[in-house]
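The block underneath contains the structure these notes are about, expressed in structure tokens.
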Amino acid sequence: MKYEKITGGLNRSTWGPRLLSWSWLACLVCLTLLPGRAGAVTTVMTAWSGSDGVFNTISLDGKTVYQGQNLGGGNYTGLMYFKRPAGVNFTPGATLYMEVDFKDIGGSGNFGTQYNAVGNDFQFAGFTVGNSVLGSGAYKTAVFRLDNADLHYGENGGTDLRLTQPGPLQLHIVQVRVSDQPTPLYQQLTAFLGPYTGPTYAGGTPVDATTLKGKLICGYQGWFRTPGDDDNTGWQHYIPDWGGVMSPSKIAVDYWPDMTEYTPAERHVATGFTHPDGTPATLFSANNARTVLRHFQWMEAHGIDGVAVQRFLPGASPDLPTLRVLSHARAAANLTGRTFFVEYDMTGTPESELVSTITRDWHYLVDTLKLTSDSRYLHHNGVPVVGIFGFFRDRFSPATAHAILDIFKGPGPYQAFVEGAGAWYWNIEPYPEEWKQVIYRMGAWQPWNTGNSGSNPGDVPNSSYWAADQAALAARGVMYVPQIYPGSSDFNRSGKVWDPNADNRQSGAFLWSQVARAASIGASSVFLGMFDEIDEGTQIFKVSSTPPSQAHFRDNQGLPSDAYLCFTGQATKMIRGEIPYRTTPPNCAAMTQPTIPDAVAPLNGATPTGSQVTYQWTPALALAQGGTLARYELWLDGVITSVGSSTQVTRGTSSGRHVWRVRAVNSLGNAGGWSVAQTFTVP
């Protein structure tokens, strides 16, 4: 069979018996037409207590509240049933939208729902936002999308649906509403699932998103989660049993992130861990827009082009936590002028599901999120770039590999330039010709090199094959993208005996030897794995020099916390030929930057009164080994002015539209990153 080369261009993871006994509780029942949407029906559901869903009706804050019954032993009723009022009907097979008002007390966890769907009276709703109970005491509203619904009183007690929750959580429900149209709240909470409509980069010239050439791209896992983040799925990747209890005996990362710059809302206490000075240790979640923006601001500050957002193949329903992180990355790229693209990781997906899952998800990203239409999404040869990791001959057949590439052949909206990643030894070992033909169809090939020392000692990465790979691929019109990494370490995750002398990063020399090799062969693009992967020890972002003492952790070998961001930024410049070639790493200790201030006023859309405008920002900090904070610099409409050490300054500003941002400078003379640019208008 002849396969088309995928390069783009103008021509690449019931309860209970039915009715046992029951009693009815009265509930406010109403049927309303929503204004402006003719025929739209919203109904308040009637609560039913009985069978395996008995609850108490209590009064809280002047509200009638349905409270899960205490079963003893720290457990509560796991179900709570609701039904439509008589005479209210919805079209079978329709998509319905449910809102649940609740008081945020009674423990910590997530609740869900099962509803009558076509062919299944107990269908779980796979699409849920805001259903986390965190114990804040506030009144909140969760939204659920009920796909293919067929409400026909088919659950216990002749009800249409039931709320479900883990035993240790006591629900406090105020009201349940169902509508046949997306509600305003649903639209608000799911806006991130559509195209990006927020502010764009206003701080100068953004990274060129029209070509892969000249780029150093970092992989961005974005997979660290904490209890209490936007989706409240518990600790993930920090410990092996996701959603479990944090403890020193279970920690699965070898480095601790430097949390100095994170705001209180971004810090989540890691139970059982303290820093050497006794302060509680905290960790971040990537399911936080401000945290992802902070990471992108570090990239901008150090001149890093952008990221490939890693996407493990989702199930049939939209996977909200990963889509939320992807949306955060998109917004951050727009605010910082970076670029990004999606890289699918096929690890763990059965061969029989690869093609259908990637097809479905790619179409969703293109059609619904409008991801590839975003100005910051990376393109090459006129079409979007998509990364696909996992091309190994022992994982699936060449025929499946070709079918995966066929997803992206054009022309049309789903066409893409494929950057594949997989076996580094494809051109060294006797490799099946049919697999080589797969690689030759790609726009770019990224041999995965992490952990590959070849015949070298363990602390010397193997790059001896790069030039031959590049030549073989060039002969077939395929771009060669060497994959580099700063080191690796997974002792805590894998349970190996701790050995601080193994996997030595050599204070940056390990990484730089690969950078120098890539530059020496004239690589037009380089992939660095990863930006944030502390569970495998391949991260370049800021890590703590004073990690907790309750478990074994590595530090930065005496380097400042931003050293590897600096190495990566300097690597980008050397690969592009902007600085002279060198075989030894630059002195990044001398390049340590202060932290990045946040703009306070005026913010986007502000209209200050009068021509004397006061610019305000949060204080920056000098990082360890970064001297002291010397001054701030104000960027106003492209003109930079030193404004002293205060966190505000008043300037005469003419009428019209203006853009401003601010940065700090330390006593070493190093300027830090700019705050996010703000646009305002003086009348």
| query | Within the range 377-393, is even one residue within 28 Å of the chain's Cα centre (by Cα) and of a type in the set (D, E, K, R)? | reply | no
| note | So, first residue in the same structural domain as residue 527 (by TED's automatic domain parsing) in the range 468-484, second residue part of a strand (DSSP E or B) and charged (D, E, K, R), Cβ within less than 8 Å, six or more apart or across chains; the pairs are 479/419; 481/419
| field | Matching residues, the range 324-353, being over 19 Å from residue 308 (Cα atoms) and in contact with a strand residue (DSSP E or B) (Cβ under 9 Å, 6 or more places away or on another chain) | value | 348, 349
| Within the range 641-676, which residues are exposed (fewer than 13 other Cβ atoms within 10 Å of the Cβ) and touching an Asp or Glu at 6+ places or on another chain (Cβ under 8 Å)? | 641, 642
| message | Can you list residue pairs whose Cβ atoms sit under 7 Å apart, with the first residue in the range 227-245 being of a type in the set (Val, Ile, Thr) and the second being part of a loop (DSSP other than H, G, I, E, B)? Count only pairs 6 or more apart in sequence or on different chains. | response | 233/243; 239/246; 239/251; 239/252
| remark: Checked the range 55-88 for anything closer than 14 Å to residue 167 by Cβ and either among the small types (Gly, Ala, Ser) or part of a loop (DSSP other than H, G, I, E, B) (or both); matches are 68, 69, 72, 73, 74, 77, 78
| field | Yes/no for residue 542 being more than 22 Å from residue 249 (Cα to Cα) and among the basic types (Lys, Arg) | value | yes
| note | Note on the range 552-576: residues crowded, with 19+ Cβ neighbours inside 10 Å and not in a helix (DSSP H, G or I) are 553, 554, 556, 559, 560, 561, 562
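On the basis of being in a strand (DSSP E or B) and surrounded by fewer than 23 Cβ atoms within 10 Å (Cβ to Cβ), does residue 340 make the cut?
Details: in a strand (DSSP E or B): yes; surrounded by fewer than 23 Cβ atoms within 10 Å (Cβ to Cβ): no.
In short, no.
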| note | When residue 460 is run through (1) surrounded by 14 or more Cβ atoms within 10 Å (Cβ to Cβ); (2) farther than 30 Å from residue 551 by Cα, the failure sits at (2)
| query | Can residue 396 be described as surrounded by fewer than 24 Cβ atoms within 10 Å (Cβ to Cβ) and of a type in the set (Phe, Trp, Tyr)? | reply | yes
| Single residue of 319, 305, 254 found to be more than 19 Å from the chain's Cα centre (by Cα) and among the acidic types (Asp, Glu) | 254
| request: Could you check how many residues of the range 430-451 are under 25 Å from the mean Cα position of the chain (by Cα), part of a loop (DSSP other than H, G, I, E, B) and either closer than 18 Å to residue 418 by Cα or hydroxyl-bearing (Ser, Thr, Tyr) (or both)? | output: 2
| query | Only one residue in 609, 618, 614 is surrounded by fewer than 17 Cβ atoms within 10 Å (Cβ to Cβ), closer than 22 Å to residue 542 by Cβ and not assigned by TED's automatic domain parsing to the domain that holds residue 303. Which one? | reply | 618
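Tally the residues that are assigned to a strand (DSSP E or B) and buried (at least 20 other Cβ atoms within 10 Å of the Cβ), restricting the search to the range 288-330.
6
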| task | Would you be able to say whether some residue in the range 160-172 is touching a Gly at 6+ places or on another chain (Cβ under 9 Å), over 22 Å from residue 70 (Cβ atoms) and surrounded by 23 or more Cβ atoms within 10 Å (Cβ to Cβ)? | result | yes
| Give me the pairs: first residue in the range 562-580 and over 14 Å from residue 525 (Cβ atoms) and assigned by TED's automatic domain parsing to the domain that holds residue 296, second residue among the basic types (Lys, Arg) and assigned to a helix (DSSP H, G or I), beta-carbon distance under 6 Å, and six or more apart or on different chains, which are they? | 579/573
| message | Can you say whether residue 338 is among the basic types (Lys, Arg) and over 24 Å from the mean Cα position of the chain (by Cα), as far as the supplied structure shows? | response | no
| task | Quick one: which residue in 540, 579 is of a type in the set (A, V, I, L, M), buried (at least 24 other Cβ atoms within 10 Å of the Cβ) and part of a loop (DSSP other than H, G, I, E, B)? | result | 540
| note | Of those in the range 425-436 that are surrounded by fewer than 22 Cβ atoms within 10 Å (Cβ to Cβ) and touching an Asp or Glu at 6+ places or on another chain (Cβ under 9 Å), the residue farthest from residue 341 (Cα to Cα) is 428
| Mind checking which residues of the range 346-380 are buried (at least 18 other Cβ atoms within 10 Å of the Cβ) and either outside any helix (DSSP H, G or I) or among the charged types (D, E, K, R) (or both)? | 346, 349, 361, 369, 374, 376, 377, 378, 379, 380
| Taking the range 119-152 as the region of interest, how many residues are assigned to a loop (DSSP other than H, G, I, E, B) and crowded, with 21+ Cβ neighbours inside 10 Å? | 4
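The values are calculated or read from the model by the stated rules, or taken from the named source; none is laboratory data. Since this is a predicted model, take the numbers as computed values, not measurements. Every residue, glycine as well, gets a Cβ built from its backbone with ideal geometry; the counts of neighbours run over all protein chains shown.
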